[in-house]
1. I'd like to know how the range 76-135 sits against the 2.2 N^0.38 Å rule of thumb: what's its Cα Rg over that expected value?
2. In whole Hz, with x marking every Gly and Pro, tabulate ³J(HN,Hα) for the range 101-114 from phi via Karplus 6.51 cos²θ - 1.76 cosθ + 1.60, θ = phi - 60°.
3. Which log10 I(q)/I(0) values does the range 19-135 give at q = 0.14 Å⁻¹ under the Debye formula, counting every alpha carbon as one identical point scatterer?
4. Could you sort 31-39, 45-53, 100-108 so that the peptide with the highest average Cβ count within 10 Å comes first and the rest follow in order?
5. Show me the ranking of peptides 55-64, 81-90 by mean Cβ neighbours inside 10 Å, starting with the highest.
6. Rounded to the nearest 0.05, what FRET efficiency do Lys133 and Asp68 have when you use their Cβ-Cβ distance and R0 = 30 Å?
7. Based on the Cβ-Cβ distance from Leu33 to Gln103, what FRET efficiency comes out when R0 is 35 Å, to the nearest 0.05?
Amino acid sequence: MKKIVFIIYLLFSVNLLADMTKDGASAYEKGNLDDAIGIWSKACSNGFMEACDKLGSMYYFGYGTPKDQLKAKDLFLKVCISGNGEDCAKVAKMYNYGYTVKQDKKKATELYKKACDAGFEEGCKEYYELKRKGY
């Protein structure tokens, strides 16, 4: 019985978080950036990685919030660790070119490899290019 209740809870939670992400997108499209940030922040805090990615982009570009690329990097890294190759490549690019963080080609190479391993083709291209250069 506890298993059934737990499964129902999980299904409800996932649907609720997905709805929150859609609500955040709707607010964003309407120009309600404060609402979008609030909604995505809550969903991200509850482990919904799509919301973390969107929130990271808001901070990276300074949409509706002061630009905070370190906070964006942390959010992208959180999503990367969950297995999202595109976000691994976003953080890798920051390290590769020294955007906001100290340039670190080895760390960039590791992150591009994670991106590649997760199936993100652009990550593979960058990984092989850095490996070719000896990183």
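Throughout, read-outs are computed from the coordinates displayed, never taken from laboratory work. Computed from a predicted model, the values in this text were never measured in an experiment. Please note: Cβ atoms are built from the backbone with ideal geometry, for glycine as well, and neighbour counts cover all protein chains shown.
1. Numbers: Rg = 10.0 Å, N = 60, 2.2 N^0.38 = 10.4 Å.
Here the Cα radius of gyration is 0.96 times the empirical estimate.
2. For the range 101-114, the Karplus-derived couplings read 10, 5, 4, 8, 5, 5, 5, 4, 4, 4, 6, 5, 5, 4 Hz, x marking Gly and Pro.
3. Reported log10 I(q)/I(0), two decimals: -0.57.
4. Details: 31-39: 16.7, 45-53: 19.0, 100-108: 14.8.
Going by the mean number of other Cβ atoms within 10 Å, highest first, we get 45-53, 31-39, 100-108.
5. Values: 55-64: 19.1, 81-90: 20.8.
Taking the mean over residues of other Cβ atoms within 10 Å, the ranking is 81-90, 55-64.
6. Working: r = 31 Å, r/R0 = 1.03.
After rounding to 0.05, the efficiency reads 0.45.
7. Values: r = 31 Å, r/R0 = 0.89.
Working from the Cβ atoms, E equals 0.65.
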